[in-house]
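The next block holds one structure in the form of structure tokens; read it before the comments.
The values are calculated or read from the model by the stated rules, or taken from the named source; none is laboratory data. Remember, it's a predicted structure, so these values are computed and weren't measured experimentally. Side chains included, ligands, DNA and RNA excluded: accessible areas come from the protein's heavy atoms. Shrake-Rupley method; radii C 1.70, N 1.55, O 1.52, S 1.80 Å.
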Amino acid sequence: MAEGMDRSSIRAHIESNTLIIGKNSNYIKPINYRVNLLAGMNSRLLEHVAIDGDLILSKGAQAMGDVKANNVILGPWTIIRGDLTVKGDLMALDHARVLGKVTCKGSAVIRPDVAFGELQSNGLIEYYGKKPAKKTRGKIVTKKVEK
């Protein structure tokens, strides 16, 4: 377990090299590790996150600073108040928000009512509903209609 972590709000799953931040928790230190990170429902990461691993922000989770990770899933109603840099693929579920710029090296799948300050992807951008950002750039941008 990394130094300075509150044992009641964060746990480590050794087999999958994953840190798990409990639901409704506030985590006040920057996260800079070679791990996967799962932030529980309504948790708040009060500093920047820069991990060499995958990130899942559960429903209603918030990150107050910039976020960098390999592959990212933004759960419904999540908020990142800084920029988001994704080395792989991005999945943004309904009503997710990134107030800054989103840079994605892979593909991005974006559900309805998602909003980004800006979106740039090196791969396919597939979005449902309205465009997630006024400034959206990708190799291929496709709008999907739900059935």
Contact order relative to length for region 84-147, counting C-alpha pairs under 8 Å separated by 6 or more residues, stands in percent at 26 percent
Under a 1.4 Å probe, counting only protein heavy atoms, GLU15 has an accessible area in Å², nearest 10, of 150 Å²
To one decimal place, what orientation-averaged projected area in nm² is obtained for the convex hull of the Cα set of region 1-83?
4.5 nm²
Would you kindly state how much longer the chain becomes between VAL141 and LYS87 on full extension, computed as 0.36 nm times their sequence separation minus their alpha carbon distance, in nm to one decimal?
17.6 nm
Taking θ as phi - 60°, what are the ³J(HN,Hα) couplings along region 95-102 by the Karplus curve (6.51, -1.76, 1.60), each to the nearest whole Hz, with x for Gly and Pro?
6, 5, 9, 10, 6, x, 8, 10
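Indicate, rounded to the nearest 5 percent, the antiparallel portion of the DSSP beta bridges found entirely in the chain.
So the antiparallel bridges in the chain amount to around 10 percent.
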Scattering profile of the chain from the Debye formula, Cα beads only, expressed as log10 I(q)/I(0) at q = 0.18, 0.20 Å⁻¹, is -0.95, -1.14
Residue-wise HN-Hα coupling along region 107-114, computed from phi with Karplus coefficients 6.51, -1.76, 1.60 (Hz; x: Gly, Pro):
9, 10, 10, 10, 7, x, 6, 8
Expressed as cubic angstrom per residue, what is the convex hull volume of the alpha carbon set of region 39-112?
60 Å³
Before anything else, pin down the relative contact order of the chain: Cα pairs under 8 Å, at least 6 apart, normalised by residue count, whole percent.
12 percent
